[in-house]
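The values are calculated or read from the model by the stated rules, or taken from the named source; none is laboratory data. Owing to the predicted nature of the structure, the values given are computational and were not obtained by experimental measurement. Backbone-built Cβ (ideal geometry, glycine too); neighbour counts: all protein chains shown.
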Amino acid sequence: MHISYLDNAATTPVDERVLKIMLPYFSDKYGNPGSMHQKGLEAKEAVDEARKTIAKLISAEPNEIIFVSGGTESDNLAIIGTAMALKEKGNHIITTNIEHHAVFDTCEYLEEQGFKVTYVGVKENGIIDPKDIEKTITPKTILISIMHANNEIGTIQPIAEISKIAKSKDIIMHTDACQSAGYLDIDVNKLGVDLMTLNGSKIYGPKGIGILYAKKGTILQPLIYGGGQEKGVRSGTENVPLIVGFAKALEIAHSVRDKESKRLIKLRDKLVAGLKKKISNIHINGDLEKRLPNNVNISFLGVEGESMLLHLDSKGICASTGSACSSHSLEPSHVIKALGLTDEASHGSLRFTLGRHTTEEDIEKVLKELPKIVESLRKISPIA
Amino acid sequence: MKKTKQKWFYSEQVKEHFFNPKNIFKSQEEAKKYKADGIGMVGNPKCGDMMKMWIKVDKKTQTIKECRYQTFGCASAIATTSVLSEMVNGMKLDKAFRISPKEIVDKLGGLPQIKFHCSVLGDKALRAAINDYYRKTDQIEKIVTDSPVVDETLKITENDIENAVIEGARTLKDVQARTKVGVNNKKILPKIEGLIEKFKEKHGFK
Ligand code: FES
């Protein structure tokens, strides 16, 4: 069966070109970049080259790129690293109520450590109002962390605007751009951020690799100690193959960005329009304009998400849901809740995230199968 | 080309019952027209789990002739009710009343711990339906409200919490994974924690 993989916000397949460029670094070019001999230098060169490539793509300096194990570590380092480094200066952090758990739970951890965190709420379209951020700033605020684009509903936050506010008050600004890297401009100067998180597995690169961009002069307390790699901020032997692969993936993502965005917007809108037409009682979650080109998030009232997801899977369609039934905590998605919707709405929410391999046929397949699934589940539901 | 089997998250039994639920009402009309001797409904649409069960009873033998249902819930909820509806067919009411979630889960070849509470749902709906039948047939003395209700919305009783502890739950999280008790009502959490400690003590798990 052909698999229509519409869960690209969860992870993407590795691009062939990325895979190819990585392979020699697992075997032939196995050196440790920290070694002085030729094998070491060969590896070091590759890491340096990758660092330069990445820096250029986001308008940064090579020494502002810190390689880490992925988006989660990058978020942790940005937030905990800043908080610990600046704790003499203040103890207040501002974030939003729709962040990824890598940010959310990290902030909760800091609360346990005595920091104060304000979780600013988004408006019902899933977008934060910079004024709401500004209002919560206190003399003790040391960090603002806001995702560039949301992983569940794809809404795009006004990062540049918020960065300006942060800068004027001398507050460190962090953004998690894992989801947006493939679709939006992630030039750090235009965004005006001090810290930015990127990750390989959402941009057709390998899993287990990410970066934290840290603007020159930003002080971070390390989370991992050891051999002093990455200027001492992130010890551990550089993961050379993944670093090389990440740089290639980012390069490709950059080169196809505009074309892909245009293509996916068409497919996305076709999917939304088709579902609206074919299924009653549905609700589109999140702003339709300020939204990633590849994200569709819809609630089908009276139907449970996990059931829909598994039926879709049996038809060869991979999606995801914000249903309480499929979460580890049995809590419905905090993002859908943040939009002011009922628990029932998040219960019946499905997310389709399109990608580089998504075709018109995939969309048509969803439009053919999903209405049948929703209808049959509504028929067996005691509340429909 | 070698054909690889499609992977599936739960057990094969769950798969069968999820894709082909037995005894389920396939339309709202069918459910509406059905003449049941007892009806039970449990759950809460807000948290997502909702189950309604209809039984037909052979009055002479006090056995279940038919067990039908509708479900708003996950795959485990659908599958557990489906298998339960088969298990109780032809079963004496008092025996059906005593079926435990664990028996249902075993029949399905196991469920992830976090999904145990889905099996409790079908079980509760069944007991509610049986009680309803007793009520309607003036056998009030037979009604068992098994123990004090702790969570009003989900109709979770002290007994349910005790069962969860006996089956291996040790913390509030464990118990919630099995029963969902208090998920919608944070105010009763301290009380639940107290009960968990009490039952751990009682069964020597301390
Ligand atoms: S019905 Fe919600 S987890 Fe099973």
Inset, instruction - Within segment A:2-56, work out how many residues are in contact with a Ser or Thr (Cβ under 6 Å, 6 or more places away or on another chain) and farther than 20 Å from A:Arg356 by Cβ. - result: 1
Legend entry - Positions within segment B:27-38 being in a loop (DSSP other than H, G, I, E, B) and either out of contact with any helix residue (DSSP H, G or I) (no Cβ under 6 Å at 6 or more places or on another chain) or more than 11 Å from every other protein chain (Cβ to nearest Cβ) (or both), in sequence order: B:Tyr34, B:Lys35, B:Ala36, B:Asp37
Legend entry - Residues (more than 16 Å from the ligand (Cβ to nearest atom), closer than 23 Å to A:Ala324 by Cα and surrounded by fewer than 20 Cβ atoms within 10 Å (Cβ to Cβ)) located in segment B:169-206: B:Arg170, B:Thr171, B:Leu172, B:Asn185, B:Lys186, B:Lys187, B:Ile188, B:Leu189, B:Pro190, B:Glu193
Legend entry - Considering residues of segment B:50-77 that are within 11 Å of B:Leu121 (Cα to Cα) and of a type in the set (S, T, N, Q) only, the residue nearest to the ligand (Cβ to nearest atom): B:Ser76
Inset, instruction - Answer yes if at least one residue in segment A:318-332 is under 18 Å from A:Val122 (Cα atoms), away from chain B (no Cβ under 12 Å), under 24 Å from the mean Cα position of the chain (by Cα) and crowded, with 22+ Cβ neighbours inside 10 Å, and no otherwise. - result: no
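To keep it simple, each residue is scored yes or no on (1) over 26 Å from A:His334 (Cα atoms); (2) of a type in the set (Gly, Ala, Ser); (3) under 10 Å from the mean Cα position of the chain (by Cα).
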position	(1), (2), (3)
A:Ser168	yes, yes, no
A:Ile171	yes, no, no
A:Tyr183	no, no, no
A:Val188	yes, no, no
A:Asp194	yes, no, no
A:Leu198	no, no, yes
A:Pro206	yes, no, no
Legend entry - Residues of segment B:123-141 classified as at pLDDT 80 or above and farther than 13 Å from B:Val88 by Cβ, total: 9
Inset, instruction - Filter segment B:127-154 down to residues that are within 14 Å of chain A (Cβ to nearest Cβ) and of a type outside the set (Gly, Ala, Ser) and give me whichever is nearest to the ligand (Cβ to nearest atom). - result: B:Leu154
Inset, instruction - Taking the residues in segment B:78-91 that are within 15 Å of B:Ser11 (Cβ to Cβ) and hydrophobic (A, V, I, L, M, F, W, C) as candidates, determine which candidate is farthest from the ligand (Cβ to nearest atom). - result: B:Val83
Legend entry - Flag if A:Arg378 is among the charged types (D, E, K, R) and either more than 10 Å from every other protein chain (Cβ to nearest Cβ) or in contact with a Cys (Cβ under 6 Å, 6 or more places away or on another chain) (or both): no
Legend entry - Whichever residue in segment B:15-49 is free of Cβ contacts under 8 Å to residues at least 40 places away in the same chain and within 14 Å of the ligand (Cβ to nearest atom) and, among such residues, is farthest from B:Val83 (Cα to Cα): B:Pro45
Inset, instruction - Pick out, from segment A:35-135, the helices (runs of 4 or more DSSP H) lying fully within it that include 3 or more residues that are among the polar types (S, T, N, Q). - result: A:71-85
Inset, instruction - Report yes if some residue within segment A:341-355 is modelled with pLDDT of 95 or more, surrounded by fewer than 24 Cβ atoms within 10 Å (Cβ to Cβ) and more than 7 Å from chain B (Cβ to nearest Cβ); otherwise report no. - result: yes
